[in-house]
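Undergrad: One structure, pasted below without further comment.
The values are calculated or read from the model by the stated rules, or taken from the named source; none is laboratory data. What you see is a predicted model; the values in this text were computed from it and never measured. Reconstructed Cβ throughout: ideal geometry from the backbone, glycine too, with neighbour counts over all protein chains shown. The protein model used for the area step is the full one, side chains on, heavy atoms only, and it has no ligands, DNA or RNA in it. Shrake-Rupley method; radii C 1.70, N 1.55, O 1.52, S 1.80 Å.
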Amino acid sequence: EPEVTQTPSHQVTQMGQEVILRCVPISNHLYFYWYRQILGQKVEFLVSFYNNEISEKSEIFDDQFSVERPDGSNFTLKIRSTKLEDSAMYFCASSEGQGASTEAFFGQGTRLTVV
Amino acid sequence: GESVGLHLPTLSVQEGDNSIINCAYSNSASDYFIWYKQESGKGPQFIIDIRSNMDKRQGQRVTVLLNKTVKHLSLQIAATQPGDSAVYFCAEAFGTYKYIFGTGTRLKVLA
């Protein structure tokens, strides 16, 4: 069964350092997303990406964040200068289409710990 | 404002009983709703979805009910099993590009 894969599963970084979280969406999907979940809290939307550009982003997704699809298979989230409050689980998701009746498949997540 | 919330943070049920998890939403323009299950340390796993032009949808052991009049969504799990223990999130699809998740309900299945 096709699945969204994320690497690494756990990333520890020093405050102020740059991190790149990697995702391989399901191969025939066209829409890609990043969500995050702070420990014990709900899943929050960060950004959606389609046709090599950002479709929508939340207020969490400030200038420290960027996304890229560097090749035909990877989808990355970069945090330029990490802060303690960036510590969270980051989930990548992809979907075949958009809007109603479009199921998004989530990866297993990357746990980011900023120290 | 727009919000998706859950009535109960924790639900404990006996194995074999039916579970009902509830969710309230406030955006009457939302056209798609999804229930996700999240086990510890894992990503959200799709359970069932429903479009706004429906009021009920059934899957294997699960049923989702949508009441647009009171903006209420529920997930019914029949014959709850230990493997059903997890956090359940409802999510609301806004327009085309994102889901808004609720805060989650932890389901505990008692042997």
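Undergrad: In region B:85-105, how many residues are touching a Leu at 6+ places or on another chain (Cβ under 7 Å) and in a strand (DSSP E or B)?
TA: The initial filter retains those residues of region B:85-105 that are touching a Leu at 6+ places or on another chain (Cβ under 7 Å), namely B:85-86, B:88, B:90, B:102-105.
The next check asks that each one be in a strand (DSSP E or B); those that pass are B:86, B:88, B:90, B:105.
Residues flagged as touching a Leu at 6+ places or on another chain (Cβ under 7 Å) and in a strand (DSSP E or B) within region B:85-105 amount to 4.
Undergrad: Is it fair to say residue B:65 is more than 14 Å from chain A (Cβ to nearest Cβ), open to solvent by less than 50 Å² (accessible area, probe 1.4 Å) and part of a strand (DSSP E or B)? Give the steps one after another, and end with the answer.
TA: Details: more than 14 Å from chain A (Cβ to nearest Cβ): yes; open to solvent by less than 50 Å² (accessible area, probe 1.4 Å): no; part of a strand (DSSP E or B): yes.
No: the conditions fail for residue B:65.
Undergrad: A further question on this structure: Which residue out of A:49, A:45 is within 12 Å of another protein chain (Cβ to nearest Cβ), among the hydrophobic types (A, V, I, L, M, F, W, C) and within 27 Å of residue B:105 (Cα to Cα)? Working first, answer last.
TA: Details: A:49 fails: within 27 Å of residue B:105 (Cα to Cα).
Exactly one residue qualifies, and that residue is A:45.
Undergrad: For region A:57-72, enumerate the residues that are within 13 Å of the chain's Cα centre (by Cα) and within 14 Å of another protein chain (Cβ to nearest Cβ). Reasoning before the result, please.
TA: Let us first name the residues in region A:57-72 that are within 13 Å of the chain's Cα centre (by Cα), namely A:57-58, A:60-61, A:65-69.
Residues satisfying the conditions are A:57, A:58, A:60, A:61, A:67.
Okay, residues lined up against (1) part of a loop (DSSP other than H, G, I, E, B); (2) modelled with pLDDT of 95 or more:
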| residue | (1), (2) |
| --- | --- |
| A:23 | no, yes |
| A:55 | no, no |
| A:67 | no, yes |
| A:97 | yes, no |
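Undergrad: Continuing with the same structure: Test residue A:20 against the stated conditions and say whether it is within 14 Å of another protein chain (Cβ to nearest Cβ), among the hydrophobic types (A, V, I, L, M, F, W, C) and in contact (Cβ under 8 Å) with a residue 24 or more places away in the chain.
TA: On the way: within 14 Å of another protein chain (Cβ to nearest Cβ): no; among the hydrophobic types (A, V, I, L, M, F, W, C): yes; in contact (Cβ under 8 Å) with a residue 24 or more places away in the chain: yes.
Here the answer is no, as residue A:20 does not meet what is asked.
Undergrad: Can you confirm whether region B:44-54 contains a residue that is open to solvent by 30 Å² or more (accessible area, probe 1.4 Å), among the aliphatic types (A, V, I, L, M) and within 30 Å of residue A:6 (Cα to Cα)?
TA: Kept after step one, since they are open to solvent by 30 Å² or more (accessible area, probe 1.4 Å), are these residues of region B:44-54: B:45-47, B:51-54.
Then drop every residue that is not among the aliphatic types (A, V, I, L, M), which leaves B:47, B:54.
Filter once more, so that each one left must be within 30 Å of residue A:6 (Cα to Cα): B:47.
Yes, region B:44-54 has at least one match.
Undergrad: Ok, one more. Can you tell me which condition residue A:41 does not meet? The list is (1) modelled with pLDDT under 90; (2) open to solvent by less than 80 Å² (accessible area, probe 1.4 Å); (3) within 30 Å of residue B:9 (Cβ to Cβ), and all the others hold.
TA: Of everything listed in (1) modelled with pLDDT under 90; (2) open to solvent by less than 80 Å² (accessible area, probe 1.4 Å); (3) within 30 Å of residue B:9 (Cβ to Cβ), residue A:41 misses just condition (2).
Undergrad: Here's another thing I want to ask about it. Scan region B:88-103 residue by residue and report those that are within 11 Å of chain A (Cβ to nearest Cβ) and within 15 Å of residue B:77 (Cβ to Cβ).
TA: Correct list: B:89, B:90.
Undergrad: Shifting gears a bit: Testing residue B:71 on (1) on the phi < 0 side of the Ramachandran plot; (2) more than 14 Å from chain A (Cβ to nearest Cβ); (3) in contact with a strand residue (DSSP E or B) (Cβ under 6 Å, 6 or more places away or on another chain), one condition comes back false. Which one is that?
TA: (1)
Undergrad: Suppose we filter region A:66-87 for residues that are surrounded by fewer than 18 Cβ atoms within 10 Å (Cβ to Cβ) and of a type outside the set (Ser, Thr, Tyr); how many remain?
TA: Of the residues in that region, 11 qualify.
Undergrad: Of (1) more than 12 Å from the chain's Cα centre (by Cα); (2) at pLDDT below 95; (3) among the small types (Gly, Ala, Ser), residue A:48 satisfies all except one. Which?
TA: (1)
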